[in-house]
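The values are calculated or read from the model by the stated rules, or taken from the named source; none is laboratory data. Note that this is a predicted model, so its numbers are computed, not measured. A quick note on method: Cβ atoms are made from the backbone with ideal geometry, for glycine too, and the neighbour counts reach across all protein chains shown. The protein model used for the area step is the full one, side chains on, heavy atoms only, and it has no ligands, DNA or RNA in it. Shrake-Rupley method; radii C 1.70, N 1.55, O 1.52, S 1.80 Å.
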Amino acid sequence: MLVGVTLFPILATTQSIAQDCNSPTFESTVYATGVEPYDLKHADLNGDGFLDIAVINNETVDVSVYLNKGNGTFHPEATYLLDSEPIALDLGDFDDDGDIDLVALNSLTFTMSWLVNNGDGTFNSQDINSVSIFPRDIILVDFDQDSDLDIAVSSIIDSTVSIYSNNGNGHFVHTWSFSTENAPTEMVATDLDGDLYPDLFVITDHGSYTSIYKNNGNGTFPSIPFAKYHVGHGQNSLNLADLNNDGNLDIVVANKNADTFSFCLSNGDTTFATKIQYNVGDQPIGLSIGDINNDGFIDVVIANSNSDEVTMYLNTGNGSFGNRTEIESNNEPVKVSLVDLNNDGNLDLSVINHGNDELNVLLNQCPRIPCIADLNDDYVLNFFDVSVFLTAFVNQDPIADMTGDSIFNFFDVSEFLNAFAAGCP
């Protein structure tokens, strides 16, 4: 928080502006993908402060990259060749040059491809490395805490998770594998026990449990889970979120065979309570979490592939959920993501429709409260607003008359700084 009127702390401040919205609505724009899109991720790939989108396409064996125009709409896709029928991807700076790179998992050749960002949101040709047979998920995490991102790959057929350690220059070496139960699919990593080393949460295609594997403290894992929790049948998407605002992460899962999403609330230690579940559409296989209506509580959205819709559940404020809302999503939605695509403080939806080769971007229409410090009207408070104010103040432009008295003096400067520091309503 800003102290006094010194300008220096302001220069690194970025604040989004939004207000509580009881009934979120969305404005849809559809973009063509490659054939049979299967997974998507978001990151600022070209360093312009706006989130871009990467989508892997199973049949055309490539990745589509959509760069944000700066308003939540996107330039036409740029495509990059992969190795064979990609099934999962992740984004992260694995060569430590400040740019976000891309890794993808290729299901038929049992390989992973990594593509290095050129610094402008374009990518070099792929490097390829072998992985375990019939891989299913891939995540970038610094498992050994050496400040480089490592890779974990789950394998369905041999029921293993394999760790590939970063050698420090963005290349990966297989260093560990451990057995899991019943065809592991998705994985999420977090430090469950506070030892600073990321632990792994793993769901399985044929089972009904989420298993937790504790990091040994060196980026390796035991084959026997620390704990496992019954969450539902045919788990296909996993996330962790603080659903009841108690400061602890809870387990959230979409269950494709049960047509439910379920969650286990944290007990406040390293254990979790019995599952609670809610009905969704037909064959839910994608799930995302975030505060959609800006009330301070985490909501849930689920992509239902057979009923061609996204189910939205708003959190009632205590880790339970109100009435469900269905959002139409064309043909076979398989992945959904909640991120702020136009920097207006509202979380937007990105959905990939596997059946008709589309990326559907749905911008959240929750209103934003006018903010006197957002002088360039870009939904973000940062150095550019300070620059606009200073220029306007010197030129005695009315937008710098913060007190409305037609006099340009210290009180206008103080009013602007206070509004900026407050972060706007």
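So the values come out like this:
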{"item": "For q = 0.07 Å⁻¹, Debye-computed log10 I/I(0) when each Cα of the chain counts as one equal scatterer", "result": "-0.36"}
{"item": "Whole-number D in µm²/s for the range 108-162 (Stokes-Einstein; Kirkwood sum over Cα pairs; 25 °C, 0.890 mPa s)", "result": "195 µm²/s"}
{"item": "Residue-averaged [θ]222 nm for the chain, counting only DSSP H segments that reach four residues, each worth -39500 (n - 2.57)", "result": "-2000 deg cm²/dmol"}
{"item": "Hits among lysines - C-alpha to C-alpha of residue 69 under 26 Å, sequence gap 8 or more where chains match", "result": "41, 335"}
{"item": "Value in Å of the Kirkwood radius, where the range 133-222 supplies the Cα pairs that are averaged", "result": "12.9 Å"}
{"item": "Residue-by-residue Karplus 3J(HN,Hα) for the range 408-415, coefficients 6.51, -1.76, 1.60, Hz, glycine and proline x", "result": "9, 8, 4, 5, 5, 4, 4, 5"}
{"item": "Average accessible area per residue (Å²) across the chain - probe 1.4 Å, nucleic acids and ligands excluded", "result": "39 Å²"}
{"item": "Mean projected area (nm²) of the alpha-carbon convex hull when the range 210-357 is viewed from all directions", "result": "10.0 nm²"}
{"item": "14 Å beta-carbon shell around residue 421, net charge (K/R +1, D/E -1)", "result": "-3"}
{"item": "The range 187-209-the range 379-425 distance, computed between alpha-carbon centres (Å)", "result": "47 Å"}
{"item": "Rounded if a/c under 1.5, otherwise prolate or oblate - the range 12-160, Cα gyration tensor axes", "result": "prolate"}
{"item": "Sulfur and carbon atoms: percent of accessible area, the range 231-346 [1.4 Å]", "result": "39 percent"}
{"item": "GNM top mover of 397, 282, 95 - the chain, alpha-carbon springs below 10 Å", "result": "397"}
{"item": "Counted charge near residue 214, where neighbours are those whose Cβ lies closer than 9 Å (Asp, Glu -1; Lys, Arg +1)", "result": "-3"}
{"item": "For residue 160, residues with placed amide H under 5 Å, excluding near neighbours", "result": "155, 180"}
{"item": "The range 24-97 and the range 134-154: distance between their alpha carbon centers, rounded to Å", "result": "20 Å"}
{"item": "Local net charge near residue 265, Cβ-Cβ under 13 Å (Lys/Arg +1, Asp/Glu -1)", "result": "-3"}
{"item": "Heavy atoms of residue 374: accessible area, 1.4 Å probe, square angstrom to 10", "result": "10 Å²"}
{"item": "Placed amide H near residue 199: partners under 5 Å, 5+ positions off or other chain", "result": "190, 191, 192, 215"}
{"item": "Mean separation of Cα contacts under 8 Å (6+ apart) over length of the chain, as relative contact order %", "result": "14 percent"}
{"item": "Rounded to the nearest 10 Å², the accessible area of residue 393 at probe 1.4 Å", "result": "50 Å²"}
{"item": "Within a Gaussian network of the chain (alpha carbon springs, distance under 10 Å), most fluctuating of 85, 415, 309", "result": "415"}
